There are 4 protein chains.
Amino acid sequence: MTSRSGDEEVAQRGRPTGNHEAKRAELLKAATSVIAQEGYANASLRKVAKRAGYTTGAVTYYFANKEEMVIALAESRFDNYDAMLEAIQGEGDIKTLVNSWLKTTVGDPEFWPVMSELLAHGRHDPALARVIAERYARYRDIYASILAAAQAQGTIRDDIPADLLADQLSAMGDGWTMMSPIEPERFTPQRVRELVDAVIALIAPVSGGRREAGS
Amino acid sequence: MTSRSGDEEVAQRGRPTGNHEAKRAELLKAATSVIAQEGYANASLRKVAKRAGYTTGAVTYYFANKEEMVIALAESRFDNYDAMLEAIQGEGDIKTLVNSWLKTTVGDPEFWPVMSELLAHGRHDPALARVIAERYARYRDIYASILAAAQAQGTIRDDIPADLLADQLSAMGDGWTMMSPIEPERFTPQRVRELVDAVIALIAPVSGGRREAGS
Amino acid sequence: MTSRSGDEEVAQRGRPTGNHEAKRAELLKAATSVIAQEGYANASLRKVAKRAGYTTGAVTYYFANKEEMVIALAESRFDNYDAMLEAIQGEGDIKTLVNSWLKTTVGDPEFWPVMSELLAHGRHDPALARVIAERYARYRDIYASILAAAQAQGTIRDDIPADLLADQLSAMGDGWTMMSPIEPERFTPQRVRELVDAVIALIAPVSGGRREAGS
Amino acid sequence: MTSRSGDEEVAQRGRPTGNHEAKRAELLKAATSVIAQEGYANASLRKVAKRAGYTTGAVTYYFANKEEMVIALAESRFDNYDAMLEAIQGEGDIKTLVNSWLKTTVGDPEFWPVMSELLAHGRHDPALARVIAERYARYRDIYASILAAAQAQGTIRDDIPADLLADQLSAMGDGWTMMSPIEPERFTPQRVRELVDAVIALIAPVSGGRREAGS
DNA sequence: TATGAATGAGTCTTCATTCAT
DNA sequence: GATGAATGAAGACTCATTCAT
């Protein structure tokens with residue numbers, strides 16, 4: 001009661017400690033929603049501040065500049081994604097896993113829009129590009145190891161090395177990420193289900209046993 | 001020939017000879033290279049004009065506004081792409097075709113960067129989005145018909161409907177389009193070759209005969 | 001048939017003479033309608049040219065610059081007004097006269113809007129101001145002489161010098177000219193009729209014979 | 001006191017003391033004088049800012065856009081006018097009242113010029129038009145009630161309904177408002193006095209008792 | 001810790017004007 | 001006589017950033 005705080009709900013008494021991170025997170029949440037709705041280019045610090053209920057100065061107080069904010073945002077999004085992957089990793093077969101993954105990502109309506117904005121902006125922000133590249137590399141590793149395990153179990157085809165398969169699946173995901181905001185009407189739940197099923201079919205085991213890609 | 005002709009230093013005034021469409025194309029070329037290098041957000045009319053050797057006013061003389069310019073740009077890029085597809089469409093088997101396609105697109109170093117910028121910006125420019133959606137629909141149709149023909153010939157798997165297959169391949173292409181500018185070092189010629197081979201393997205005929213996806 | 005032209009309808013054969021003035025008038029007509037609809041500030045030479053079916057260059061060919069065009073426009077409008085005044089001047093009593101005047105001016109829907117734009121812009125264009133001042137002086141003289149005649153006939157009050165009366169009536173007209181575009185709904189035909197009747201009443205003869213204003 | 005305080009030359013940054021409304025008023029004052037001198041069309045934000053000793057950005061900080069600034073300006077001018085009317089409303093007879101009104105309005109050399117600019121611009125700015133229409137309606141009501149009271153007292157003519165009379169007088173005022181900047185030499189103090197006296201005469205009681213206008 | 005006033009560079013856009021053809 | 005390409009200055013507006021308080 002005397003000092004330890006952290007709960008925003010509690011009426012602030014005494015010296016608030018550890019609020020710094022909380023405030024940053026709050027700002028980041030606001031930034032997420034602004035970027036998701038209006039895109040990176042239209043996400044001014046003023047708008048972010050306003051959405052969070054703060055003033056412009058607050059944003060520049062918590063973040064050295066816009067770039068730093070965006071990077072912090074990217075890191076936090078990726079951290080979320082990490083947690084999500086962690087959560088579903090145990091799941092049995094590939095199909096269940098893909099479906100869990102799909103359900104979680106579409107569950108957050110800001111997930112894809114923000115991701116595509118970050119990806120697009122990354123091209124012109126080296127620091128952001130570095131963050132993205134690092135995380136993506138890790139995801140591809142994770143995917144690859146999942147796929148490799150599945151290959152070992154014989155539940156998916158093993159004629160294509162797991163890392164290439166991971167690359168292909170990631171690319172598909174990114175492609176849909178980019179296109180869905182442009183032609184949302186094309187991505188009906190029905191169509192998405194078909195696409196997912198087709199992906200499953202695509203990577204299903206082939207009868208002829210192990211064959212190397214390109215051979 | 002005897003009379004002193006205007007140096008480039010001298011501001012051009014009055015009515016020079018020259019064809020309207022040619023000038024527009026010239027400006028579009030400048031816009032292409034600026035967008036490819038600096039991205040849509042940083043491609044100010046000033047920069048475009050400067051790169052073409054004109055003043056800002058000239059750009060707004062040829063294009064009502066920035067949006068119209070970008071749309072004209074997209075349209076012209078897609079026209080190029082149409083021509084390219086036309087040229088390679090006759091090619092025999094899928095592998096040759098994919099390779100031709102790859103060679104042509106990587107032949108133009110501005111192709112992927114500009115495409116990814118347009119895609120990313122399309123999300124915030126409904127008119128551009130419409131153009132992209134229309135063209136993409138056509139491309140998917142073309143891909144699908146090519147794939148369907150190949151399925152009929154038995155050169156690729158027929159357990160996944162051609163349109164879904166087309167969607168998957170398009171998405172992969174878009175995904176790589178987005179990522180290659182962010183981590184160019186990952187897309188070495190060697191890796192690209194492997195990825196392409198893996199795609200070929202992915203869609204190669206499966207021994208078990210026709211199976212419906214998702215079943 | 002060999003040379004005399006002037007009719008725009010006739011297919012142009014041989015050397016067209018006297019077309020210069022006709023073209024100017026055409027351009028002026030276009031300028032009138034643009035200014036009436038969009039106001040002086042928004043009446044760019046491009047718009048004027050376009051409305052007349054010409055190019056920008058044509059306008060600057062026929063008029064040294066925008067100011068000259070506006071002045072020519074003002075002169076031509078005032079010439080029209082002169083002709084109109086001329087036409088109704090003979091009319092019998094004041095009431096008939098006022099009604100004729102009203103009918104003619106409201107008959108041309110561009111009359112008041114253009115007039116108010118010119119008046120407003122005149123303040124910042126000395127040459128235009130001069131034109132307006134001259135013409136207005138003449139109108140006040142005409143009004144004054146009409147009013148003086150009516151005073152002599154005893155059909156209107158003579159306790160206020162005709163020139164002051166003319167000033168007052170002009171001012172009222174200008175005032176309504178200015179306000180009608182701002183609150184058009186206030187100037188219903190019914191209200192206008194009442195206002196006109198009230199003006200007639202205002203200047204009707206007073207029983208007490210001649211009295212000097214202010215005394 | 002010992003330490004060197006900032007000169008006016010030094011660009012002001014950071015958060016100075018000072019009240020938001022006061023600064024707004026300051027900018028409005030600058031806007032008033034620019035508009036009075038150069039007209040609405042020539043009153044760029046740059047000029048306004050400069051006159052107030054700020055940069056353009058400061059103006060757009062205090063006002064969302066130019067339109068909002070002009071409306072705030074109009075509003076404040078009308079508020080002044082309200083106060084003025086309030087102050088003189090008690091005055092005895094019409095003549096004294098008119099003279100007080102006149103004295104106050106000509107006391108502010110920016111009053112008429114700004115008013116005429118606002119009126120003229122109102123035609124092309126619906127939001128401004130609304131403000132003007134509302135205020136004007138109120139003024140006409142006030143004038144009408146003053147005139148009605150005078151009619152009841154028998155100090156002015158009662159053969160014309162007070163609201164029509166108010167309309168006529170307002171219109172005259174507006175007409176002179178518009179013309180005085182165009183031909184200022186015409187509005188000598190002497191002439192103004194005569195015009196005012198003529199107005200008094202115009203609305204003086206008529207001997208013949210109550211007559212309805214237009215009958 | 002947080003505010004919010006103010007900057008200044010930049011954006012797109014509009015336009016009268018010029019002038020080679 | 002008429003065109004229309006191009007200029008260049010100006011306009012309104014946006015925004016990341018700075019900083020006194």
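What to note about this one:
- Any chance B:Asn19 is modelled with pLDDT of 90 or more, within 12 Å of DNA strand F (Cβ to nearest atom) and more than 14 Å from chain A (Cβ to nearest Cβ): no
- Odd one out for D:Ala127 among (1) within 24 Å of C:Arg193 (Cβ to Cβ); (2) modelled with pLDDT of 95 or more; (3) more than 7 Å from chain C (Cβ to nearest Cβ): (1)
- Every condition in (1) in contact with an Asp or Glu (Cβ under 7 Å, 6 or more places away or on another chain); (2) more than 10 Å from chain D (Cβ to nearest Cβ) holds for C:Met178 except the one numbered (2).
- Restricted to the range A:58-131, the set of helices (runs of 4 or more DSSP H) holding at least 1 residues that are under 17 Å from the mean Cα position of the chain (by Cα), touching a residue at least 60 places away in the same chain (Cβ under 8 Å) and within 16 Å of DNA strand F (Cβ to nearest atom) comprises A:66-88, A:111-122.
- Within the range D:47-94, being among the aromatic types (Phe, Trp, Tyr) and within 15 Å of DNA strand E (Cβ to nearest atom) holds for D:Tyr54, D:Tyr61, D:Tyr62, D:Phe63.
- Which numbered condition A:Gly53 misses (of (1) more than 13 Å from DNA strand F (Cβ to nearest atom); (2) surrounded by 21 or more Cβ atoms within 10 Å (Cβ to Cβ); (3) over 27 Å from A:Met178 (Cα atoms)): (2)
- Going through (1) charged (D, E, K, R); (2) within 14 Å of chain D (Cβ to nearest Cβ); (3) within 12 Å of DNA strand F (Cβ to nearest atom) one by one, C:Arg46 falls short only on (2).
- Look at (1) farther than 22 Å from C:Leu119 by Cβ; (2) more than 8 Å from chain C (Cβ to nearest Cβ) and you find that D:Ile160 fails only one, number (2).
- Reported count of residues in the range B:31-50, each being part of a helix (DSSP H, G or I) and crowded, with 20+ Cβ neighbours inside 10 Å, is 8.
- Tally, over the range A:138-186, of residues that are over 20 Å from the mean Cα position of the chain (by Cα) and closer than 15 Å to B:Val199 by Cβ: 5
- Filter result for B:Ser145 (at pLDDT below 95 and surrounded by fewer than 17 Cβ atoms within 10 Å (Cβ to Cβ)): yes
- Output for the range C:25-43, where each listed residue is within 9 Å of DNA strand E (Cβ to nearest atom) and away from every other protein chain (no Cβ under 13 Å): none
- Residue satisfying condition, being within 14 Å of chain A (Cβ to nearest Cβ) and among the β-branched types (Val, Ile, Thr), within set B:Val59, B:Val114: B:Val114
- For B:Ala150, the criteria (1) surrounded by fewer than 17 Cβ atoms within 10 Å (Cβ to Cβ); (2) away from chain A (no Cβ under 14 Å); (3) in a helix (DSSP H, G or I) hold in every case but one, which is (1).
The values are calculated or read from the model by the stated rules, or taken from the named source; none is laboratory data. Just so we're clear, the structure is a prediction, and the values are computed from it rather than from any experiment. All Cβ positions, even for glycine, are placed from backbone atoms using ideal geometry, and neighbour counts span all protein chains on display.
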